[in-house]
1. Quick one: accessible area per residue over the stretch 160-205, 1.4 Å probe, rounded to a whole number of Å²?
2. Can you tell me how much longer the chain between Ile235 and Ala81 gets when fully stretched, taken as 0.36 nm per residue apart minus their C-alpha distance, in nm with one decimal?
3. What residues qualify as long-range amide H neighbours of Gly184, i.e. H under 5 Å apart, gap of 5 or more or another chain, H built at 1.01 Å from N?
4. Counting only heavy atoms of the protein chains, get the accessible area per residue of the stretch 77-123 (1.4 Å probe) and round it to a whole Å² value.
5. Highest mean first, what order results for 135-147, 182-194 on Cβ atoms within 10 Å?
6. Using +1 on the beta carbon of Lys and Arg, -1 on that of Asp and Glu, and nothing else charged, what's the dipole of the stretch 156-214 about the Cα centre, debye to 20?
7. Express the carbon and sulfur contribution to the solvent-accessible surface of the stretch 38-177 as a percent, rounded to the nearest whole number, probe 1.4 angstrom.
8. What distance in nm separates the simple spin-label points at Ser93 and Trp48, each placed 7 Å from Cα in the Cβ direction?
Amino acid sequence: MLNFKKVIFLLLYSFLSTFSIVSAQQQFQYNYETWWGVMTSVRVSEKWSVWNDAHFVDETFFIYRTGMTYHNKRDNVVTTAGYSWLRLTTPLSEGRLIRTEHRPWMQTIFRIPSTKKLSTSFRFRYDARFIQNIESGMPGDGFSFNHRWRFNNALRYNWGNVISEKTVLATSLLNEALFTTGSGPNGVRHEHRTHLIMGLNSGPITYSVGYIVRYINVSPVIARLNHGMVFWLTINLRAIKKSESPFVEFPGDHVD
């Protein structure tokens, strides 16, 4: 069970991990962005569920992702593997999404024992990124390959039925560190994302509104700080008529 000291530690870790990566020697470029997402999970058996989601950030990217999720017996460790298709911008595309990326991926989520109000989870995701090459600022022939390693911690507080008996209100704090390796020239080598999300759950649907800050380490002297609103719709369905699973897909599990 989580206790008060552990909660304080996790909160301090979440904030300090964000600010510790910011170097005073870097010049910052600030950009506003709005993040839209629709995320679905359908439980088709006691061990398997089907994952589909889509995310869109104007003049930045669109991603459609699909996969299959395996649930262990206790349902506290779940692993998903699948494929993503993306459209990206280029330096000269004026915000149009004209560059293609193919991204096989997999992730594992571990939920630690928690209280009824407070819960936390850890997620590791691996992306195999095949990104279309750029020639003279526009999409060219061939693809470059990179690995991306992602480490996410989610802290969620359940406020309960504060609005109505059929809805549950929750707040989530998400921190994720992303590292890119490989010989390909594409991809930022380091990025850190922090989300503060308010979610309202009603039956199988969760409506989420929040704010994201993305620190993008472009080079040793330049960094981008992208920030903006987040609007997500999460849908959890069951195609089997058995006892309810203790594992529920939260918006933070699907964050791109």
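1. Numbers: 2160 Å² over 46 residues.
Value for the stretch 160-205: 47 Å² per residue.
2. Full extension of this stretch gives 53.5 nm more.
3. Counting only residues 5 or more places away or on other chains, the set is Phe145.
4. On the way: 2190 Å² over 47 residues.
The answer is 47 Å² per residue.
5. Averaged packing, sorted descending, gives the order 182-194, 135-147.
6. 80 debye
7. 63 percent
8. Between Ser93 and Trp48, the label points sit 3.4 nm apart.
The values are calculated or read from the model by the stated rules, or taken from the named source; none is laboratory data. Bear in mind the structure is a predicted one, so any value in this text is a computation, not a measurement. So basically every Cβ, Gly included, is an ideal-geometry build from the backbone, and we count neighbours across all protein chains shown. Each accessible area value is taken on the protein alone, full model and side chains, heavy atoms only, with ligands, DNA and RNA left out. Shrake-Rupley method; radii C 1.70, N 1.55, O 1.52, S 1.80 Å.
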